[in-house]
1. Give me the percent of accessible area attributable to carbon and sulfur for the chain, probe 1.4 angstrom.
2. Please find the FRET efficiency linking residue 34 to residue 8, where r is the Cβ-Cβ separation and R0 is fixed at 25 Å, and quote it to the nearest 0.05.
3. Multiply the residue gap between residue 1 and residue 69 by 0.36 nm, knock off their C-alpha separation, and tell me the result in nm, one decimal place.
4. Express the relative contact order of the chain as a whole percentage, based on alpha carbon pairs under 8 Å and six or more residues apart in sequence.
5. Give me the accessible area of residue 62, 1.4 Å probe, in Å² rounded to the nearest 10.
6. HN-Hα J couplings of the range 188-202 from phi, Karplus 6.51/-1.76/1.60, θ = phi - 60°, integer Hz, Gly and Pro as x?
7. I'd like the FRET efficiency for residue 137 and residue 191, computed as 1/(1 + (r/R0)^6) with the beta carbon distance as r and R0 of 30 Å, rounded to 0.05.
8. For residue 70, what accessible area in Å² do you get when you roll a 1.4 Å probe over the heavy atoms of the protein chains, rounding to the nearest 10?
Amino acid sequence: MNALSTPLMRELNSALRSLTHDPSIGAVVLTGSERAFAAGADIKEMKDLSFSSAYGSDFIALWSELTSISLPVIAAVNGHALGGGCELAMMADILYCGPKATFGQPEIKLGVIPGAGGSQRLTRAVGKSKAMEIVLTGKTFSGAEAERWGLASKCFETAEGAVEGALDTAETIAGYGRLAVKAAKEVVNQAYEGSLAEGVKYERRVFHALFATKDQKIGGFPTLHMGS
């Protein structure tokens, strides 16, 4: 069921870092099985935690490293994506899912709350009322609902279709200039995290900077010849 634990997340982060430094890699697809993308955090790892040990070690902070890599990450979700699994899926840049995908933040049932950004990313994606209902009740929601609410880009008709769709999109992205893709990801994230005015200014500065790149000269605008 792909329960998330510190060792697993360290391994995932290490793999992502190595891919980021590989010039032949242009995008990443993150997926699980048809039964579960990730059914949640490893309860055994958390059951004996105290406040001092959790706070002192900054428990699960390393889970958010996924958001710091420059490569686009596409999550293909089938089956359960609950708790930490839902949070991990929401950290991806693009989220695709299959017809039996099930999302949720059931931490309230264990006497805790989402701890890896779930309350924040879910609220930004679906709005306060829906996010509050999901977090306070622990209710799950389907892939079709995730698409309808704007959390997922697309819900496919089959589990295989979700993975194939993610791979197709990754191939398309990987075919573009890597600097432009990196910049595009940065400016969209800026819109997500900051104000509109700050985002527009940041986007314009990055847009200007791309005119100094080789990719823009090869695949960009044609040269304009102005008459005297």
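The values are calculated or read from the model by the stated rules, or taken from the named source; none is laboratory data. Every value quoted in this text rests on a predicted model; they were computed, and no experiment measured them. Note that we place each Cβ from the backbone using ideal geometry, even for glycine, and neighbour counts take in every protein chain shown. The accessibility values were calculated without ligands, DNA or RNA, using every heavy atom of the protein model including side chains. Shrake-Rupley method; radii C 1.70, N 1.55, O 1.52, S 1.80 Å.
1. Details: 7610 of 13240 Å².
Here it works out to 57 percent.
2. Details: r = 19 Å, r/R0 = 0.77.
According to the calculation, E is roughly 0.85.
3. Details: separation 68, 0.36 × 68 = 24.48 nm, distance 2.52 nm.
Between residue 1 and residue 69, full extension yields an extra 22.0 nm.
4. On the way: 353 pairs, mean separation 42.8, N = 228.
Reported relative contact order: 19 percent.
5. Here the residue's solvent-accessible area equals roughly 40 Å².
6. Karplus values, whole Hz, x for Gly and Pro: 5, 5, 4, 5, 6, 9, x, 7, 4, 4, 5, x, 5, 5, 5.
7. Numbers: r = 30 Å, r/R0 = 1.00.
Result of the calculation: an efficiency of 0.50.
8. So the heavy atoms of residue 70 present about 40 Å² to solvent.
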